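Since every read-out is calculated from the coordinates, none of them should be taken as a lab result. Computed from a predicted structure; not experimentally measured. Here the Cβ is made from the backbone with ideal geometry for all residues, glycine too, and neighbour counts use every protein chain on show.
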Amino acid sequence: MKGNKRLFATAVAILIIAVAAWFLLTRGKSPDMADMDGQGHSDYMLMLNTGTKYKVGQPNTLEFMIHDKNGKVVRDFETMHTRIMHFIIVRKDLANFQHLHPSFDKESGVFTLTGLQFETDGEYRLFADFTPSGGMAQGHEHHQEMSKGQTLGVSVVAGDANKYRPESIGYSRMSDSRENYSFALQSKGSELERVLRFTVSESGKPVKDLQPYLGALGHVVVLSEGDLMYVHAHPDESVGNETGSVSFEVHFPRPAKYKIFAQFQHKGKILTSSFVLETK
Ligand SMILES: [Cu+2]
């Protein structure tokens, strides 16, 4: 009987430890580590302090940090296109796109996005696009390393994942429209090395006075269908907008179907357009 009692006590202890571990892993305050699928190897990690579950149709607050490979919080970033952090949110079927800029508390290294809205139940992917300041090795002299842009991804769920109904991104589509604006895309070059030329028109007339948005004439984010490979491109500034169009050089990582989100600014308004392009 004594042996049985000890066995029972051991079993209870194991159960308690297992439940506690599960609780800590799923509910604990420790940040969720981002899964890195599709983005390849990186020396950095995106740590979500606010978990991976968010509400639909009401404002969410999202807090995160960037850790280096030693688990240290990164606090020094280069300014790229007027911001230290570009944050992209897409529903996993690419039906939904947001480009946001979180506030940053340098002391704690915490980035905060408030008022974040998810329109529908579903699975979303978040991308942090940033450039850590080059090489300040601990206890060593300051090394001026080349700063390298990083993109880290993390998956989250808004609302009820069971209600998520992914939609197809559809066939190739080289035009888009929003209110009285229309957008046309021309693609030149070989299959994976392309020059994408966008023409923005207002009431049928090409817009020749696009305003710089985040320090560039436009921003393009390219995402592959399914595995959400991420490419961020900026325009060839030497050409300007006098011709009524803006060109971007884009290297597509591999043959796939891509959704292209292009953002411009005109008359103080940010215009977001989307296209679908297939590379072979
Ligand atoms: Cu940005």
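Structure above, values below:
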{"item": "Computed label-point distance, nm, for sites residue 78 and residue 211 using a 7 Å Cα→Cβ extension", "result": "2.8 nm"}
{"item": "Spread of Cα-to-Cα distances over 10 Å intervals beginning at zero, given as percent, for the range 146-280", "result": "11, 40, 33, 15, 2"}
{"item": "Full-stretch length increase - residue 242, residue 114 - with 0.36 nm per residue and alpha-carbon distance subtracted", "result": "42.3 nm"}
{"item": "Pairwise label distance in nanometres, residue 155 with residue 103, each label 7 Å out on the Cα-Cβ vector", "result": "3.2 nm"}
{"item": "Which of 245, 108, 274 has the fewest Cβ neighbours within 10 Å, and the rest in rising order", "result": "108, 274, 245"}
{"item": "For peptides 213-220, 70-77, sequence by mean Cβ density within 10 Å, most packed first", "result": "213-220, 70-77"}
{"item": "Where labels lie 7 Å past Cα in the beta-carbon direction, separation of residue 162 and residue 267 in nm", "result": "4.7 nm"}
